[in-house]
Amino acid sequence: MAETRANPPLGGVDLHLEDLHLDRAGGRVRAALERALREAVQTGRLRPGLRLPASRTLAADLGIARNTVAEAYAQLVAEGWLAARQGSGTRVADRPASPDRVGRTDRPTGAAGDRSGPGPAARAFRYDLRPGQPDLASFPRTGWLAAARKALGAAPADAFGYGDPCGRPELRAALAGYLARARGVRAEPERVIMCTGFTQALALTCRVLADRGATTLAVESYGHQLHRDIAATQGLRPVPVPVDGGGADVAAFGRAGAALLTPAHQFPLGVTLAAERRTAAVRWAARTGGLLVEDDYDGEFRYDRHAVGALQALAPEHVVYAGTASKTLAPGVHLAWLVVPADLVGPYTAAKRLLDRHSSTTDQLTLAEFLTSGAYDRHVRRSRLAYRRRRDRLVAALARAVPAATVTGISAGLQAVVTLPPGRTELSVAAAAASRGLALDALSTYQADGAPAPEAPPSVVIGYATPPTHAYTTALARLTATLT
Ligand SMILES: Cc1ncc(COP(=O)(O)O)c(C=O)c1O
């Protein structure tokens with residue numbers, strides 16, 4: 001139960017108790033405190049250089065354990081929001097992480113929210129092993145420019161006017177073909193809806209669901225806080241369901257209006273939704289009328305086994321399929337696509353028109369050309385190879401230097417979960433990494449509030465795609481030094 005109290009500013013700092021929605025019952029006071037402090041720094045209420053109350057003082061003001069405050073401070077120091085110096089206490093960092101990082105690490109949100117994404121945040125660290133972004137240095141600039149030149153040169157003048165909310169017809173057709181071929185999606189161009197990133201795709205989906213009367217969204221107990229926040233903002237209460245070696249526990253969906261899943265490669269744990277759970281999920285959807293939302297954020301990057309096809313192929317009338325260019329190309333492209341059941345095309349079109357009329361036409365034309373010319377496939381193939389090598393190097397380095405650590409979730413994607421050697425805590429590892437200029441995310445920062453047991457063992461999530469090639473060797477060396 002959220003507990004709030006109106007009070008004067010804490011310790012002379014412009015931070016009020018009513019800002020801290022401390023969920024004592026859930027035993028997640030530390031996470032709530034971290035989030036409140038992070039937001040206060042992000043929004044500028046706590047200015048760079050400002051000295052925070054001593055942990056003892058803040059703990060007394062809040063009526064919580066001093067250790068809880070100390071651990072929250074340590075985590076925020078590790079993330080770069082706060083700075084601690086012997087003798088001078090804890091201050092707001094001079095160059096705190098950027099607001100957009102909240103999508104990703106902020107319980108994460110992917111302060112990737114995903115990492116939501118490194119801007120200034122990444123610069124606070126020399127080496128970034130947080131998940132959420134591909135190697136931005138490998139963005140195919142030349143091919144993208146060539147595609148833009150060709151597509152924009154050939155486009156009729158009316159292409160530059162206001163467009164169809166669902167997207168450009170060239171791109172919807174190109175994507176329908178690509179998704180059928182590469183991901184096994186049952187896609188007709190008329191069912192493809194273009195969005196500005198999965199973030200918008202999810203917001204639209206929640207809007208459509210809420211309009212149909214849904215009030216809850218089952219979410220995997222580990223995932224992006226940003227995604228849970230988006231659902232809540234659109235009026236859907238996120239209900240965490242357990243995730244085990246077979247993926248999300250479909251039996252726990254209950255009477256949720258919809259379920260948000262990462263079936264090909266659970267984020268961040270990396271497991272695949274088991275075949276029997278896929279069938280069970282489809283049965284659940286057919287029985288309850290609930291919708292399955294398939295976040296296929298990294299489906300192209302599978303290394304060890306044959307590609308795991310899209311869940312959508314099993315039941316196109318019960319699944320909303322979502323893909324994004326954020327991993328295959330870059331988040332800056334800011335394009336994502338949905339393939340929706342036929343009866344939802346109308347509601348999605350209306351919701352998208354209300355939201356922003358349509359996504360950028362010039363970018364859509366460019367992506368359409370990039371796809372049809374084969375440049376997209378070539379780029380994905382090259383990237384898959386490069387990321388596979390990085391993954392292998394990560395696994396080999398850890399096996400050599402930290403044999404007590406186990407690496408999981410590596411058959412696909414751009415992130416791995418590294419279970420810590422006995423005796424190490426996520427906080428101590430994150431802080432030790434930060435002192436080496438290395439950014440990484442503790443697994444617990446991805447856990448949903450009120451998530452059901454069992455909790456995963458202490459682990460860190462390593463995004464091995466993020467550092468540029470020249471920095472990868474040192475990033476790995478700093479990681480192994482941190483863990484030994
Ligand atoms: C689980 C998950 N879904 C989706 C996305 C892509 O989101 P967007 O398209 O908004 O960049 C990411 C990127 O980090 C992700 O980790």
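Here are the numbers for this structure:
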{"item": "Subset of the stretch 280-314 that is without any contact (Cβ under 8 Å) to a residue 40 or more places away in the chain and within 16 Å of the ligand (Cβ to nearest atom) - its residue that is nearest to Lys327 (Cα to Cα)", "result": "Glu294"}
{"item": "Selected residue (criterion: farthest from His334 (Cα to Cα)) from residues of the stretch 158-197 that are buried (at least 24 other Cβ atoms within 10 Å of the Cβ) and of a type in the set (Val, Ile, Thr)", "result": "Val185"}
{"item": "Elements of type helices (runs of 4 or more DSSP H) contained in the stretch 289-381, each with 2 or more residues being farther than 22 Å from Ala412 by Cα", "result": "345-356, 361-372"}
{"item": "Index of the failed condition, Thr408 passing every other in (1) surrounded by 22 or more Cβ atoms within 10 Å (Cβ to Cβ); (2) farther than 13 Å from Thr480 by Cα; (3) modelled with pLDDT of 95 or more; (4) of a type outside the set (Phe, Trp, Tyr)", "result": "(1)"}
{"item": "Helices (runs of 4 or more DSSP H) within the stretch 161-276 that include 1 or more residues within 15 Å of the chain's Cα centre (by Cα) and among the hydrophobic types (A, V, I, L, M, F, W, C)", "result": "197-211, 225-233"}
{"item": "Residues satisfying the stated conditions in the stretch 136-160, i.e. free of Cβ contacts under 8 Å to residues at least 60 places away in the same chain and outside any helix (DSSP H, G or I)", "result": "Pro156"}
{"item": "Residues being outside any helix (DSSP H, G or I) and either crowded, with 22+ Cβ neighbours inside 10 Å or modelled with pLDDT of 95 or more (or both) - total across the stretch 465-484", "result": "3"}
{"item": "Every residue from the stretch 197-239 that is of a type outside the set (A, V, I, L, M, F, W, C) and in contact with an Asp or Glu (Cβ under 7 Å, 6 or more places away or on another chain)", "result": "His224, Gln225"}
{"item": "Positions within the stretch 214-232 being among the hydroxyl-bearing types (Ser, Thr, Tyr) and either closer than 20 Å to Gly270 by Cβ or surrounded by 24 or more Cβ atoms within 10 Å (Cβ to Cβ) (or both), in sequence order", "result": "Ser221, Tyr222"}
{"item": "The stretch 327-363, residues that are within 16 Å of the ligand (Cβ to nearest atom) and touching a strand residue (DSSP E or B) at 6+ places or on another chain (Cβ under 7 Å)", "result": "Leu335, Ala336, Trp337, Leu338, Val339, Lys352, Ser359"}
{"item": "Residue tally, condition touching an Asp or Glu at 6+ places or on another chain (Cβ under 8 Å), aliphatic (A, V, I, L, M) and under 28 Å from Pro422 (Cβ atoms), over the stretch 449-475", "result": "3"}
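Matching residues to (1) within 18 Å of Val320 (Cβ to Cβ); (2) within 14 Å of the ligand (Cβ to nearest atom):
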position	(1), (2)
Ala180	yes, no
Glu190	yes, no
Ala210	yes, no
Ala214	yes, no
Gly223	yes, yes
Arg237	no, no
Ala256	yes, no
Ala259	yes, no
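The values are calculated or read from the model by the stated rules, or taken from the named source; none is laboratory data. Predicted model, so just to flag it, every value in this text is computed and none were measured. Cβ atoms come from the backbone with ideal geometry, glycine included; neighbour counts cover every protein chain shown.
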